[in-house]
């Protein structure tokens, strides 16, 4: 590890690795720091098809194709009564190769990204914990203090800091920029099973979202390699974890009211402990400053319902890297320059945020809406695959917002 770099990236998830790869490819000295040992466990296994273009740009597409990750061609929704929607096959909307994506084990996937960043010239270190971020009197980033695996404290200077620390949100928490979303104060409990019943054919790799009978929670169903399936439940934090006894009891009680999932688990064996995540939906009120920028989950996180997290991480890493490279060219590393991509990013991701809000209004029926407005089928599929960065990506909401308003107006008043 040197004493000075052009760019210092903290956090080696998809966001940090994508930024590190592109910055190193552009010839900038880049330090990528990860506090845990790589590979490390992480949730968020299901990818959106639009990650295809990120993999292509990063030079990772062939590695993804050669991997044993389960291929994902579709997504499906099951309502509270157990009625299954027709699968959304992505290639029916767009027959190109980019309509197929993957279900990944994040430890293996993130290590692939980490190693690729190193291959492209980034100086990559795991088990290197950033203990402090330093700014000068004008609040411009100057350096980080690092505790290495060998226990050596180091101070490393840089011209740009990229915070990719995920929900740890190193800079946002230090500067008081994080704002939790009270309407999406959710929690998740998940584990892994072997020998889960999967659908035959190409739909066997689908992500399936299943509402429970009470409509207070939903389960994800994500098929992984080697016969393992990730299955987790998401609900309001208070509902799922407060006054419910042990975590195992809460998970079992929710599973008992999801008959579509119980059928799929009839001959399955649980092969891991239960994991818990709490209150994970938030935004940040400032995403860049002089010499620093936030990307990935450190920038904000919406909800796992549509599997947008990894795509948003990769995309934000790309856009931030482009702004940084341009900033070095123009000798402008101001907050304005380093965050010049965020308006475009927010303009696209807002459509996923709106779709999440609709899903969590239990009285709103997507099936009924699509029967009434079938012309939006293509637009909805665009949102589900992550194709959101174009004019017109939000056209569906010209009809969906009034439909939602009608539902809300008809709700009983206390």
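The values are calculated or read from the model by the stated rules, or taken from the named source; none is laboratory data. Fair warning: this is a prediction, and the values are worked out from it, not measured in the lab. Neighbour counts run over all protein chains shown; Cβ positions are idealised from the backbone, glycine included.
Here is the figure for region 181-204: residues that are in a loop (DSSP other than H, G, I, E, B), in contact with a strand residue (DSSP E or B) (Cβ under 7 Å, 6 or more places away or on another chain) and closer than 19 Å to residue 262 by Cα total 3. Determine, yes or no, whether residue 168 is touching a helix residue (DSSP H, G or I) at 6+ places or on another chain (Cβ under 9 Å), surrounded by fewer than 19 Cβ atoms within 10 Å (Cβ to Cβ) and more than 21 Å from residue 231 (Cβ to Cβ). So residue 168 passes the test. With respect to the conditions (1) at pLDDT 95 or above; (2) out of contact with any strand residue (DSSP E or B) (no Cβ under 6 Å at 6 or more places or on another chain); (3) surrounded by fewer than 22 Cβ atoms within 10 Å (Cβ to Cβ), residue 313 lacks only one, and its number is (3).
For residue 326, are the conditions met, namely being assigned by TED's automatic domain parsing to the domain that holds residue 49, in a helix (DSSP H, G or I) and either exposed (fewer than 12 other Cβ atoms within 10 Å of the Cβ) or without any contact (Cβ under 8 Å) to a residue 40 or more places away in the chain (or both)? Here the answer is yes, as residue 326 does meet what is asked. Residue 261 falls short on exactly one of the conditions (1) surrounded by fewer than 20 Cβ atoms within 10 Å (Cβ to Cβ); (2) not assigned by TED's automatic domain parsing to the domain that holds residue 11, and that condition is (1). Note on region 352-414: enclosed helices (runs of 4 or more DSSP H) holding 2 or more residues that are in contact with a strand residue (DSSP E or B) (Cβ under 8 Å, 6 or more places away or on another chain) and touching a residue at least 12 places away in the same chain (Cβ under 8 Å) are 377-385.
Being in contact (Cβ under 8 Å) with a residue 40 or more places away in the chain and farther than 19 Å from residue 46 by Cα is the requirement here; does residue 248 meet it? No.
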